[in-house]
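A quick write-up on the structure given underneath.
The values are calculated or read from the model by the stated rules, or taken from the named source; none is laboratory data. No experiment lies behind these values; they were computed from the predicted model shown. No Cβ is skipped: glycine too gets one built from the backbone with ideal geometry, and neighbour counts run over all protein chains shown.
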Amino acid sequence: MKKLFLFIFLFSAIFAYPQKFQGLALTPPMGWNSWNKFGCDVSEKLIKEIADAMVESGMKDAGYQYVIIDDCWQIGRDDQGNIIPDPVRFPSGMKALADYVHSKGLKFGIYSDAGSKTCQRRPGSRGYEFQDARTYASWGVDYVKFDWCYTSTQDAKASYTTMRDAIYAAGRPMVFSLCDWGLSKPWLWAKDVGHLWRATDDIMDCWDCQDNRNNAGFTILLDRVADLYSYSGPDHWNDPDMLEVGNKGLNNTESRAHFSLWCILAAPLIAGNDLRSMSDETKNILTNKEAIAVDQDPLGKQGVKVRDDGDYEVWVKQLADGSRAVVLFNRSLKEKTMKVKWEEMGYPSYIQANVRDLWQHKDMGKFTGKYSDIVPAHGAIMIKVVPEK
């Protein structure tokens with residue numbers, strides 16, 4: 001009888017009151033994902049070289065942790081239903097690859113799908129959620145990206161909650177990244193299900209292009225997530241998709257703007273370029289510790305667009321020490337003198353504040369009431385405003 005009561009207690013603890021692992025994403029996750037640059041061309045060799053490059057480039061020291069394999073690593077299931085990694089591309093198996101990533105002081109991420117197939121028609125996790133989660137745990141997976149292709153009439157909240165419960169039951173803490181492209185408005189329900197959720201369609205390597213599936217450049221995705229600031233915070237982040245910095249579709253000025261705005265949004269910083277062959281400029285953007293500190297600020301506030309003058313926008317993010325991070329964003333094709341007023345940050349106009357340029361890594365001086373600067377075409381100025389005590 002005692003054994004029966006113990007079984008009922010354990011069953012209730014795990015299944016009746018399931019939960020995501022708390023505290024894994026108190027700040028937005030930082031890492032790298034294979035999809036933007038490599039698509040299906042993933043392999044054990046590539047992932048090891050990316051892990052090496054993440055360390056050697058200084059990205060690990062800047063805060064990047066996760067090395068995430070996206071779609072196409074899996075080819076089928078065995079007669080027991082276990083997911084099978086591609087034995088040609090991953091000859092040592094996923095456990096050995098995870099061990100290699102861990103040996104670099106990094107964390108290992110993997111991809112699956114809530115439907116019967118992944119977006120690239122590999123086997124999805126529908127009906128195998130608990131089995132797959134146990135497998136991932138045995139491999140040493142630290143992060144699961146869960147997509148939304150081939151889901152038919154499935155309910156998003158129910159499907160993602162099932163996988164959350166499976167990860168919890170497997171017993172290994174894993175960051176859970178939901179990816180239904182914002183179709184189910186996950187910001188309304190996913191706080192207790194995942195650590196981050198895609199609030200937009202897929203990003204494209206461009207300024208403002210868009211395809212017939214609503215995938216788009218970063219400026220368009222920025223607009224789609226701008227009003228969702230009240231739903232984001234520690235352990236539950238709006239995700240406007242991965243970074244395109246270093247993928248050739250954006251010039252260096254545009255890439256700095258892209259990175260600045262993702263930091264103001266408190267967005268996950270998931271690089272999507274080839275870390276093995278970065279230019280110095282790309283490396284400097286991705287490892288700008290002053291900009292990253294804004295993204296990783298422990299208060300966890302998503303920045304707010306406080307002024308929109310057509311092509312000229314002012315974004316403000318409240319920081320834990322009472323200061324503000326500001327982005328002056330110029331969407332136009334000509335440089336523009338732009339300003340931010342103290343009242344737009346929630347400060348009285350009469351106070352004096354120190355202003356620091358986070359891209360020049362330079363103190364700009366003391367200012368009262370406002371700050372102005374020349375913002376390049378398709379560019380951004382990112383500053384930190386610290387009131388004097």
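Annotations
- Counting the residues of the stretch 73-114 that are within 22 Å of the chain's Cα centre (by Cα) and of a type outside the set (A, V, I, L, M) gives 10.
- Residue in the stretch 167-178 that is closer than 14 Å to P240 by Cα and not small (G, A, S) present: yes
- Residue in the stretch 241-264 that is in the same structural domain as D70 (by TED's automatic domain parsing), surrounded by fewer than 24 Cβ atoms within 10 Å (Cβ to Cβ) and without any contact (Cβ under 8 Å) to a residue 12 or more places away in the chain present: no
- The stretch 336-355 - residue that is touching a Ser or Thr at 6+ places or on another chain (Cβ under 7 Å) and within 11 Å of Y312 (Cβ to Cβ) and, of those, surrounded by the most Cβ atoms within 10 Å (Cβ to Cβ): M338
- Residues (assigned to a strand (DSSP E or B) and of a type in the set (A, V, I, L, M)) located in the stretch 177-212: L178, L196, I203
- Scanning the stretch 128-174 for residues that are polar (S, T, N, Q) and within 23 Å of C72 (Cβ to Cβ), we see that the one that is surrounded by the fewest Cβ atoms within 10 Å (Cβ to Cβ) is S152.
- Some residue of the stretch 344-362 being of a type in the set (G, A, S), within 22 Å of G217 (Cα to Cα) and modelled with pLDDT of 95 or more: no
Each row is one residue, and each column tells you yes or no for (1) in contact with a helix residue (DSSP H, G or I) (Cβ under 7 Å, 6 or more places away or on another chain); (2) within 14 Å of F176 (Cα to Cα); (3) surrounded by fewer than 18 Cβ atoms within 10 Å (Cβ to Cβ).
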site: Q22; (1), (2), (3): no, yes, yes
site: L26; (1), (2), (3): no, yes, yes
site: N36; (1), (2), (3): no, no, no
site: V42; (1), (2), (3): no, no, no
site: V55; (1), (2), (3): no, no, yes
site: D61; (1), (2), (3): no, no, yes
site: Y64; (1), (2), (3): yes, no, no
site: I68; (1), (2), (3): no, yes, no
site: R77; (1), (2), (3): no, no, yes
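- Cβ-Cβ distances below 9 Å connect the following pairs, each with a first residue in the stretch 127-155 that is without any contact (Cβ under 8 Å) to a residue 60 or more places away in the chain and over 14 Å from Y111 (Cβ atoms), a second residue that is among the aromatic types (F, W, Y) and buried (at least 19 other Cβ atoms within 10 Å of the Cβ), and a separation of six or more residues or different chains: G140/F108; Q154/W148.
- Criterion: buried (at least 16 other Cβ atoms within 10 Å of the Cβ), farther than 20 Å from M30 by Cα, within 16 Å of the chain's Cα centre (by Cα) and not assigned by TED's automatic domain parsing to the domain that holds D311 - qualifying residue of L228, L196: L228
- Considering (1) over 21 Å from the mean Cα position of the chain (by Cα); (2) of a type in the set (S, T, Y); (3) in a strand (DSSP E or B), the lone condition that S125 does not fulfil carries the number (3).
- Filter result for L333 (at pLDDT 95 or above and crowded, with 20+ Cβ neighbours inside 10 Å): no
- Scanning the stretch 97-119 turns up no residue that is buried (at least 23 other Cβ atoms within 10 Å of the Cβ), within 16 Å of N273 (Cβ to Cβ) and assigned by TED's automatic domain parsing to the domain that holds V141.
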